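Heads up: the structure comes next, in structure tokens.
The values are calculated or read from the model by the stated rules, or taken from the named source; none is laboratory data. This is a predicted model, so every value here is computed, not measured. Cβ: placed from backbone, ideal geometry, glycine included. Neighbour counts: every protein chain shown. For the accessible areas, the whole protein counts, side chains as well, though only heavy atoms, and no ligand, DNA or RNA atoms are used. Shrake-Rupley method; radii C 1.70, N 1.55, O 1.52, S 1.80 Å.
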Amino acid sequence: MYLKSLHLCRFRNYADQYITFTAPKTILVGQNAQGKSNLLEAVEILSTLRSHRTSRDSDLVQEDCSAGQISADLMRDAGPVGLAMILRKAGRRTVSINGEKQKRQLDFLGVMNAVQFSSLDIDLVRGGPGLRRTWLDLLLTQLEPIYARIWQDYQTVLRQRNALLKKAKASELPPAEALDATQLAIWDAQLATTGTHVIRRRARAIRRIAPIAETWHREISGSTETLSLTYSPNVVLEESDNIDNPNQVQAAFLSKIEERAIAEFYQGTSLVGPHRDEIEFRINDTPARQYGSQGQQRTLVLALKLAELKLIESVVGEPPLLLLDDVLAELDLNRQNQLLDAIQERFQTLITTTHLGAFDAQWIRSSQVLSVDGGSITTQ
């Protein structure tokens with residue numbers, strides 16, 4: 001797939017900016033806080049419906065404006081596609097494909113695929129498990145857009161169940177009197193059902209991406225280190241159980257809910273389910289989060305991102321876009337070369353940088369170089 005053009009209107013610091021992409025690689029050059037990351041964020045939102053920088057659409061719309069818009073022209077193997085999204089400070093956003101308004105935002109997913117790699121991604125390794133769950137969930141929505149609906153359904157049930165537990169705790173009555181056993185059993189069953197769908201898909205995604213990431217990591221590290229990715233669901237199955245068997249996963253889920261019932265009551269929240277999963281990264285069988293050096297952690301994240309590219313391409317059938325946000329400065333020369341060699345001309349790439357010194361002359365000659373200054377973009 002190839003992003004032909006992007007139009008940003010009242011989005012972040014862009015009043016009305018139209019960009020045409022004329023090369024497989026586009027380098028966005030400018031000082032900090034000029035709008036380079038904002039442009040990549042717009043592409044990310046069109047791809048995933050989410051921004052890694054904010055969860056509120058009001059943050060994306062310019063001050064003194066009620067709405068902003070992102071639109072793009074995309075070329076896919078099946079033909080051209082026009083995408084548009086209206087973001088509102090108050091009210092729901094609307095999305096359209098080829099001029100046709102979509103009833104559900106989720107129908108927008110899967111039209112444009114992109115992998116984002118920013119300097120903040122090092123937190124995937126050293127941050128909390130929530131960051132790794134979000135990483136995996138965003139990957140899954142690109143591989144299987146239906147997953148967004150599955151995760152949304154689980155979150156809805158989880159909120160309702162938590163509300164019931166919180167109300168029971170606030171009553172200060174003993175569990176038998178505070179909780180409506182019939183109502184709780186209904187939410188338990190729904191949590192186990194929706195949660196099982198999440199667990200099985202997460203497990204499948206890790207099985208698919210792990211060998212690719214491990215191969216990349218071995219190559220980048222010069223075969224001196226071995227990476228392993230492990231999915232550790234909060235619902236622990238018996239050795240005889242199969243995570244691909246929904247009945248066995250659901251039975252294990254309900255069993256653990258029963259086991260943690262008293263603790264859940266006194267804490268007033270759900271302690272069982274995929275909202276408490278972990279994805280473990282280990283280097284040479286050592287937890288990367290606690291013991292990996294900064295260089296090792298960067299190698300790990302680079303291997304993950306390259307694996308995302310390859311996995312999405314193999315599933316979707318077309319190479320996704322690659323968004324590199326101020327990441328080259330975070331990598332040493334060897335890792336930079338590994339990344340740039342892997343990209344070649346295969347993946348359309350948008351790169352932000354404060355200077356061109358990180359690129360060799362051949363790369364610059366083969367790239368479109370755009371200058372970004374105060375929300376205005378010009379060709380260098």
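Taking GluC sites (Glu not before Pro) in DSSP loop states with no more than 12 other Cβ atoms inside 10 Å as exposed sites, the chain has its longest site-free stretch at 64-171. In loop segments of the stretch 208-294 as defined by DSSP, the trypsin sites (Lys or Arg not before Pro) with at most 15 further C-beta atoms inside 10 Å of their C-beta are Arg260.
Over the stretch 68-158, Cα pairs under 8 Å with separation of 6+ residues give a relative contact order of 16 percent. When a 1.4 Å probe is rolled over the protein heavy atoms, the share of accessible surface on the chain that falls to carbon and sulfur comes to 47 percent.
Rank these by accessible area, largest first, 1.4 Å probe: Asp77, Asp153.
If we order Asp77, Asp153 from most to least accessible, we get Asp77, Asp153.
Please identify which residues in the stretch 74-96 have an amide N closer than 18 Å to a label point set 7 Å out from the Cα of Asp64, following the Cα→Cβ vector. Hits in the stretch 74-96 for Asp64 at 18 Å: 89.
Both radii are taken from the alpha-carbon atoms of the stretch 200-260; with Rh as the Kirkwood radius, Rg/Rh is 1.15.
Residues in the chain average 46 Å² of solvent-accessible surface per residue, probe 1.4 Å, ligands and nucleic acids excluded.
Axis angle, to the nearest 10 degrees, between helix 146-170 and the longest C-alpha principal axis of the chain: 40 degrees. Here the chain is treated as a sphere whose radius is the Kirkwood value from Cα pairs; by Stokes-Einstein at 37 °C and 0.692 mPa s it diffuses with a coefficient of 146 µm²/s. The separation of the stretch 1-44 from the stretch 63-107, counted between C-alpha centres, amounts to 16 Å.
Size of the stretch 1-158 from its Cα atoms: along the principal axes, largest to smallest, the extents are 41, 38, 37 Å.
Which one of Gly222, Gln31, Ile283 is farthest out on the positive end of the charge dipole of the chain, using unit charges on Cβ (Lys, Arg +1; Asp, Glu -1) and the Cα centre as origin? Projecting each Cα onto the dipole axis, the largest value belongs to Gln31.
Its DSSP H runs of at least 4 residues, each contributing -39,500 (n - 2.57), put the calculated 222 nm mean residue ellipticity of the chain at -14000 deg cm²/dmol, to the nearest 500. Take Lys169: with every protein chain present and a 1.4 Å probe, its accessible area is about 100 Å². Applying the Kirkwood pairwise sum to the alpha-carbon positions of the stretch 163-282 produces a hydrodynamic radius of 16.3 angstrom.
Within the shell of other residues whose beta carbon sits under 15 angstrom from the beta carbon of Gly130, the net charge comes to +1, with Lys and Arg scored +1 and Asp and Glu -1. The local environment of Ala168, defined by Cβ-Cβ distances under 14 Å, has a net charge of -1 under the rule Lys, Arg +1 and Asp, Glu -1.
For the cross-link pairs Lys36/Lys89; Lys167/Lys256; Lys25/Lys103; Lys89/Lys167; Lys25/Lys305; Lys4/Lys89, which exceed 25 Å when the distance is taken from alpha carbon to alpha carbon?
Going by Cα-Cα distance, Lys25/Lys103; Lys89/Lys167; Lys4/Lys89 fall outside the 25 Å limit.
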